[in-house]
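To start, the structure under review is shown below, and the notes come after it.
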Amino acid sequence: MGLKKMGLQKYVYATVCTICLVLLSSCWSQATPSQINFSKGLNLAHWFFLPIVADEKMETTAYLQKWMTSDEVRSIARAGFNHVRLPIDPDFLQPNWAKGDFKIQADRLEAIDRAIALIESENLGVILDLHPTRRLQLESQPYGADYQNIETIWKTLSDRYRKNSKMIAYEILNEPLVENSALWHDIAQRLVALIRQVDASHTVIVPAHGASGVGELLGFKPISGDRLLYTFHFYDPLVFTHQGATWLENYASLKNIPYPLEGSPTERIPSVGRSQLSPEAQKLWEGYRTSSANRAQL
């Protein structure tokens, strides 16, 4: 089954405009580094966000066994990618979290085992990305239940995969949304140290604070440790990359926004007329229209 025939819900992120970019850290040790080729990656959004199961009557284990197939993974490899980013929702691992039960269920871990095996069978690297669908409360002092829960998950995952090939990397948290840089630095340092107590060899990927943008990374103090990579997310210009996005206020009605702007016949763009957009969306469009959204700006 080719990539174009695969479920679009599994590919929410565009592979170019919203790619997760990884920078090498300056603190590699002399030990064998990761063998992952990071040049061409695909983000498998929503592969392990189980709450999106459409048929609630479907037995979970059977569903998980079908959720990632060898044909799909083979399509990714044949398309020229050399690694995938596999987002894992903490709530997927702990389906009873809302009841205060944070036990990690064995069948969920086994589903990740199968996914990793399929990915590695095609000589693809895999980034295990802890990727919550709800905002975690990480800014409380002392650190609360959500932080303790992340520690439990990384202890479990790093111990489980510490003997696996170097084709695995650990991304400690997607866009932590902790605006205090010093606070997130402390959290990230704790998580890196915790993983290193269990797994001394696999690469650990660290985001900056907030939404992990370029600006946040530039202002982020490096973490102590080795085999580290730093990641930032780049979505500029947002009006172009997130046009039609239902999860951002006022962006859903933006359609057919061109890039670059130079040479694009704006009068042919159906969704930019004042009668078609709300005042808020119109303001977004006008801001984009008067900007220098082009290669030189990027």
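The values are calculated or read from the model by the stated rules, or taken from the named source; none is laboratory data. Only a predicted model underlies this, so the values are computations on that prediction, with no experimental measurement involved. Don't worry about glycine lacking a Cβ; one is built from the backbone with ideal geometry, like all the others, and counts go over all protein chains shown. Surface accessibility is based on the protein's heavy atoms, side chains included, excluding ligands, DNA and RNA. Shrake-Rupley method; radii C 1.70, N 1.55, O 1.52, S 1.80 Å.
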query: Solvent-accessible area per residue for the range 223-269 at a 1.4 Å probe radius, Å²?
result: 52 Å²
field: Estimated D of the range 169-233 in µm² per second, where Rh is the Kirkwood radius over Cα pairs and Stokes-Einstein applies at 25 °C, 0.890 mPa s
entry: 212 µm²/s
field: the range 65-128 - percent of accessible surface contributed by carbon and sulfur, probe 1.4 Å
entry: 47 percent
Residue-count net charge about ARG162 - beta-carbon cut-off 14 Å; Lys, Arg +1, Asp, Glu -1: +3
query: Under a 5 Å amide H to amide H cut-off, with H placed in plane at 1.01 Å, what residues pair with THR133 once short-range neighbours are removed?
result: ASP91
- prompt: Solvent-accessible area per residue for the range 89-153 at a 1.4 Å probe radius, Å²?
  reply: 44 Å²
query: Tally Lys/Arg at +1 and Asp/Glu at -1 over every other residue whose Cβ is under 10 Å from the Cβ of HIS131; what's the total?
result: -3
task: Pop out the carbon and sulfur fraction of the accessible area of the range 154-233 as a percent, whole number, probe 1.4 Å.
output: 51 percent
